[in-house]
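Everything on this sheet refers to the single structure shown next.
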Amino acid sequence: MIKKVEHIGIAVANAEHANEVFAKLLGHTHYKMENVESEGVATYFYDLNGTKIELLEATDSTSPIAKFIEKRKEGIHHLAFHVDDINEELDRLLELGFEKIGEIKKGADNKLICFLHPKTTSGVLVELCQEIDQ
Ligand code: ZN
């Protein structure tokens with residue numbers, strides 16, 4: 001079951017600049033930076049009482065974020081929902097006619113993630129994420 005917004009992903013062209021902007025906006029700096037090599041992105045996380053903002057900067061010209069920036073410039077990239085069991089939730093959604101992009105994989109911030117295609121979600125790229133048990 002989808003219970004809450006885990007984070008909002010924002011594509012940025014220049015992480016150094018965007019981090020200055022968000023630190024001013026939110027009044028505190030990011031608490032974590034992580035490279036996700038499989039996606040060709042550097043991620044920066046801000047925590048707002050449990051809902052996070054994830055800034056995404058491409059580290060590779062073939063990364064989905066590089067393509068997004070090229071086509072649409074900076075802005076909101078995806079909405080991520082927390083799920084307890086990503087396999088169960090994905091099965092439920094696929095049965096209802098939603099389409100996934102790729103397979104379940106390891107994402108940033110110790111999560112298993114999978115994306116739903118925006119053509120089946122009213123234009124919003126949706127990420128499902130499940131915490132990986134330590
Ligand atoms: Zn995300």
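The values are calculated or read from the model by the stated rules, or taken from the named source; none is laboratory data. Nothing here was measured: the structure is a model prediction, and the numbers come from that model. Counting neighbours? That spans all protein chains shown, and the Cβs are built from the backbone with ideal geometry, glycine included.
Considering 52, 32, 3, 24, the condition of being within 12 Å of the ligand (Cβ to nearest atom) and basic (Lys, Arg) is satisfied by 52 alone.
Quick grid of which residues meet (1) crowded, with 18+ Cβ neighbours inside 10 Å; (2) of a type in the set (D, E, K, R); (3) within 15 Å of the chain's Cα centre (by Cα):
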site	(1), (2), (3)
63	yes, no, yes
72	no, yes, no
82	yes, no, yes
95	no, yes, no
100	no, yes, yes
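Can you find even one residue in segment 57-69 that is farther than 21 Å from residue 3 by Cβ, touching a Phe, Trp or Tyr at 6+ places or on another chain (Cβ under 7 Å) and modelled with pLDDT of 95 or more? No, the conditions are met nowhere in segment 57-69. Note on segment 25-52: among residues that are within 20 Å of residue 105 (Cα to Cα) and of a type in the set (A, V, I, L, M), the one that is surrounded by the most Cβ atoms within 10 Å (Cβ to Cβ) is 41.
Applying a threshold of 6 Å to beta carbon distances and a minimum spacing of six or more residues, or different chains, the list of pairs starting in segment 75-90 at a residue that is free of Cβ contacts under 8 Å to residues at least 40 places away in the same chain and ending at one that is part of a strand (DSSP E or B) reads 90/114. Please name all residue pairs, on different chains or six or more residues apart, with Cβ atoms under 6 Å, provided the first residue is in segment 105-133 and is farther than 14 Å from residue 5 by Cβ and the second residue is within 12 Å of the ligand (Cβ to nearest atom) and not in a strand (DSSP E or B). From segment 105-133, the pairs are 118/125. Among the residues of segment 43-55, those identified as at pLDDT 95 or above and either closer than 17 Å to residue 112 by Cα or outside any strand (DSSP E or B) (or both) are 43, 45, 52, 54.
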